[in-house]
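These notes are about the structure you will find just below.
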Amino acid sequence: MKQVVLAAYARGNPQASDFRIEEVPVPRPGAREILLRTLYLAVDPLLRFSVDETTLTGASRMELGTVMVGPAVSEVVASNHPDYAPGDVVEGRSGWQEYCVLAPDRSDYRGPPRKLDPALAPVSTALGTLGGPGQTAYEGIVKVGRVQAGETVVISAAGGAVGSIAGQIVKVLGGRAVGIAGGAAKCAALLELGFDAVADYKAPDFAAQLAAALPQGAEVYLDNVGGDVTMAVLPHLKRNARMPMCGFIAYYGVGMEGPGPDRLPGFYRQIMNKALEIKGFAGIFAGQKGLEDIAGWMKAGQIRFAESFVEGIEAAPEAFSSVFSGHDHVGKLLVRVAAEA
């Protein structure tokens, strides 16, 4: 079987060359263990914190030569555990490998592999709309953002897994969704998903597009990015606006002191002058309730899931690198490792 291991720590944005593909024997499950065949891998941006040369956030730094971490959807092919049977489809952090042995009784804080119901939705959605990205979108819009009917919500990285769901949740709640994405194709895709307006941050007239999309300003800003995009949004936020912050990809790999200039004074001025409410959060806190609500909205036709695929485990390093260098995929970017049974 093939597996992807970390060959070098990332210096700046991760590169495909930071990883290598290895051939190893298929493992065998021991007592109360299960053998999984990987179907889909998620190349989540937060995996970046595990491969940076310098540990900046969290305590999840990987050792060189170990299998790349990350969530996957897999099929149980052999089981020595009473709670799992061959043919079950599960989601868990089994890493970038074609087969994996897991011990459900020795799971971390995320819990044992989650059983999936293929009748509910395509199992790949467990890594996107009905997984961590969906929980993050729900937490940011419903709980932290407290979006009400009639409010305008602007969303950065709206073409990604979290943003594309978040905008649709805004519409379910009766709000107005304004998405910021890179490129005309992504912006067009957001309008097809139901966003009311979009602004292309790669366009030379981005500032004018944003102003046209926010003629009355915005009550909520779901920030996935930071950097220049956030600085462009701040003047459009109303007094007492809420700013749920679930990512800062513009600063991934940057320590306490970036390349400059120091824009923190201006940021503080905006916070004080507009009485902004800013809160960082993690989607896992949305729990099962968020997934249940999203599943209900999907069943009612109010939310569509957006997914993009690359093929084969060998494509995982390049796909992961593209998350930080920019790509044209809309929604959740997944690696299809094997065909479903």
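Could you grab me the full set of residues in the stretch 36-56 that are acidic (Asp, Glu) and either touching a Ser or Thr at 6+ places or on another chain (Cβ under 9 Å) or open to solvent by 50 Å² or more (accessible area, probe 1.4 Å) (or both)? Please lay out each step first, then the result.
So the first thing to find is which residues in the stretch 36-56 are acidic (Asp, Glu), and the list is 44, 52-53.
Answer for the stretch 36-56, where residues must be acidic (Asp, Glu) and either touching a Ser or Thr at 6+ places or on another chain (Cβ under 9 Å) or open to solvent by 50 Å² or more (accessible area, probe 1.4 Å) (or both): just Glu53.
Each row is one residue, and each column tells you yes or no for (1) in contact with a helix residue (DSSP H, G or I) (Cβ under 7 Å, 6 or more places away or on another chain); (2) under 30 Å from Ile21 (Cα atoms); (3) at pLDDT below 90.
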residue: Arg239; (1), (2), (3): yes, no, no
residue: Met243; (1), (2), (3): no, no, no
residue: Tyr252; (1), (2), (3): yes, yes, yes
residue: Gly258; (1), (2), (3): yes, no, yes
residue: Ile271; (1), (2), (3): no, no, no
residue: Ser321; (1), (2), (3): yes, yes, no
residue: Val337; (1), (2), (3): yes, yes, no
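Among what's in the stretch 246-282 and is among the aromatic types (Phe, Trp, Tyr) and open to solvent by less than 40 Å² (accessible area, probe 1.4 Å), pick the residue that is farthest from Pro45 (Cα to Cα). My answer is Phe281. Out of the stretch 1-10, which residues are part of a strand (DSSP E or B), open to solvent by less than 40 Å² (accessible area, probe 1.4 Å) and more than 14 Å from Thr54 (Cβ to Cβ)? Residues satisfying the conditions are Gln3, Val4, Val5, Leu6.
Annotation: of all residues in the stretch 22-35 being free of Cβ contacts under 8 Å to residues at least 60 places away in the same chain and part of a strand (DSSP E or B), the one that is least open to solvent (accessible area, probe 1.4 Å) is Glu22.
The C-beta contact set for the stretch 232-258 (first residue of a type in the set (Ser, Thr, Tyr), second residue not in a strand (DSSP E or B), distance under 6 angstrom, 6+ apart or interchain) comprises Tyr251/Gly226; Tyr252/Arg48.
Of the strands (runs of 3 or more DSSP E) lying entirely inside the stretch 153-224, those containing at least 2 residues that are within 27 Å of Arg239 (Cα to Cα) and over 19 Å from the mean Cα position of the chain (by Cα) are 197-200, 218-222.
Residues in the stretch 11-21 include at least one that is touching a Phe, Trp or Tyr at 6+ places or on another chain (Cβ under 9 Å), crowded, with 18+ Cβ neighbours inside 10 Å and not in a loop (DSSP other than H, G, I, E, B). Would you pick out the residues in the stretch 113-152 that are surrounded by fewer than 24 Cβ atoms within 10 Å (Cβ to Cβ), more than 18 Å from the chain's Cα centre (by Cα) and polar (S, T, N, Q)? Selection gives Gln148 alone. Of the residues Val69, Val77, the single one that is open to solvent by 40 Å² or more (accessible area, probe 1.4 Å), in contact (Cβ under 8 Å) with a residue 12 or more places away in the chain and not in a loop (DSSP other than H, G, I, E, B) is Val77.
Residue check: is Asp328 within 23 Å of Pro14 (Cβ to Cβ), open to solvent by 10 Å² or more (accessible area, probe 1.4 Å) and either touching a residue at least 12 places away in the same chain (Cβ under 8 Å) or in a strand (DSSP E or B) (or both)? Full working, then the answer.
Working: within 23 Å of Pro14 (Cβ to Cβ): yes; open to solvent by 10 Å² or more (accessible area, probe 1.4 Å): yes; either touching a residue at least 12 places away in the same chain (Cβ under 8 Å) or in a strand (DSSP E or B) (or both): yes.
Yes: the conditions hold for Asp328.
Being of a type in the set (Gly, Ala, Ser) and open to solvent by 40 Å² or more (accessible area, probe 1.4 Å), is that true of even one residue in the stretch 229-240? The answer is no; no qualifying residue exists. Give the stretch 283-325 a look and list any residue that's surrounded by fewer than 16 Cβ atoms within 10 Å (Cβ to Cβ), under 16 Å from the mean Cα position of the chain (by Cα) and in a helix (DSSP H, G or I), or say none. Hits for the stretch 283-325 are Ile284, Phe285, Gly287, Ser325.
Within the stretch 93-112, how many residues turn out to be among the acidic types (Asp, Glu) and outside any loop (DSSP other than H, G, I, E, B)? I'd like the intermediate steps shown before the answer.
Initial filter on the stretch 93-112 (among the acidic types (Asp, Glu)): 98, 105, 108.
Next cut, outside any loop (DSSP other than H, G, I, E, B) only: 105.
Residues flagged as among the acidic types (Asp, Glu) and outside any loop (DSSP other than H, G, I, E, B) within the stretch 93-112 amount to 1.
The values are calculated or read from the model by the stated rules, or taken from the named source; none is laboratory data. Nothing here was measured: the structure is a model prediction, and the numbers come from that model. Here the Cβ is made from the backbone with ideal geometry for all residues, glycine too, and neighbour counts use every protein chain on show. Accessible surface is based on the protein model in full, side chains and every heavy atom, while ligands, DNA and RNA are left aside. Shrake-Rupley method; radii C 1.70, N 1.55, O 1.52, S 1.80 Å.
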